[in-house]
Amino acid sequence: MSWRRAAREQALKVLYSVAVGDREPREAVAEVVGDQTAPEHRDFVEGLALGTLEYAEQADRIVGPLLEGWAIERLPTIDRLLLEMATFELRCRPDTPPAVAINEAVALAKRFSTEDSGRFVNGVLSAVAHAPT
């Protein structure tokens, strides 16, 4: 597993800890990443998690109309967090190619969410990537 994929997985764990565990974001980063991590890795996790949290409302406004019959608040928590995180990467992190942001989110959805989540996340994020900014 590449270090960036591992970092995205850790960022998802931070987001989940904040959303479900009502944790303070920087405390959750410290707990998930630990002390023995390279600064570049820690910075990536922290930037992705904190950026996603700051961008979440805007991401929900982008994703909401693309959900066809679903409301964002009714999605499984992991799916919602992945959509927010990948939308943040697609819109705010030009250093991440769109295909990478989408593929990483799909891989995490397949690993941590429902059987259908990979296809669902892929479809929504493909629409986000092709929508005008």
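Give the distance, in whole Å, between the Cα centre of region 2-57 and the Cα centre of region 66-133.
17
Taking the Cα centre as origin and putting +1 on Lys and Arg beta-carbons and -1 on Asp and Glu beta-carbons, what dipole magnitude results for region 3-130, to the nearest 20 debye? Walk me through the numbers on the way to the answer.
Working: 15 positive and 21 negative charges, 73 e Å.
Using only the charged Cβ atoms, the result is roughly 340 debye.
On full extension of the chain, what length is gained from GLU27 through ALA71, given 0.36 nm per residue of separation minus the C-alpha to C-alpha distance? Intermediate values should be presented prior to the final figure.
Numbers: separation 44, 0.36 × 44 = 15.84 nm, distance 2.99 nm.
Extending this stretch completely gives an extra 12.9 nm.
Determine the shape class of region 19-59: with a ≥ b ≥ c the square roots of the Cα gyration tensor eigenvalues, call it rounded for a/c under 1.5, and otherwise prolate if a/b is greater than b/c, oblate otherwise.
Working: a/c = 3.71, a/b = 1.45, b/c = 2.56.
Oblate shape, in that a/c is at least 1.5 and b/c is the bigger or equal ratio.
Take region 44-104, compute every pairwise Cα distance, and split them into 10 Å bins from 0; I just need the percent in each bin.
Per 10 Å bin, starting at zero, the Cα-Cα P(r) for region 44-104 comes out as 23, 57, 20, 1 percent.
Given springs between every Cα pair under 10 Å in a Gaussian network model of the chain, which of LEU83, LEU67, LEU48 has the largest fluctuation?
Looking only at LEU83, LEU67, LEU48, the largest GNM fluctuation is found for LEU67.
In the Gaussian network model of the chain, springs joining C-alpha atoms below 10 Å, which of GLU68, GLU24, GLU40 carries the largest mean-square fluctuation?
The residue with the greatest mean-square fluctuation here is GLU68.
Report the residue, chosen from ARG74, ARG111, ARG119, that carries the largest GNM mean-square fluctuation when the chain is represented by alpha-carbon nodes joined by springs under 10 Å.
ARG74
Mean residue ellipticity at 222 nm from the helices of the chain, using -39,500 (n - 2.57) per DSSP H segment of n ≥ 4 over the full residue count, to the nearest 500 deg cm²/dmol?
That calculation yields -24500 deg cm²/dmol at 222 nm.
A short reminder: the numbers here are calculations on the coordinates, not readings from a lab. What you see is a predicted model; the values in this text were computed from it and never measured. Note that we place each Cβ from the backbone using ideal geometry, even for glycine, and neighbour counts take in every protein chain shown.
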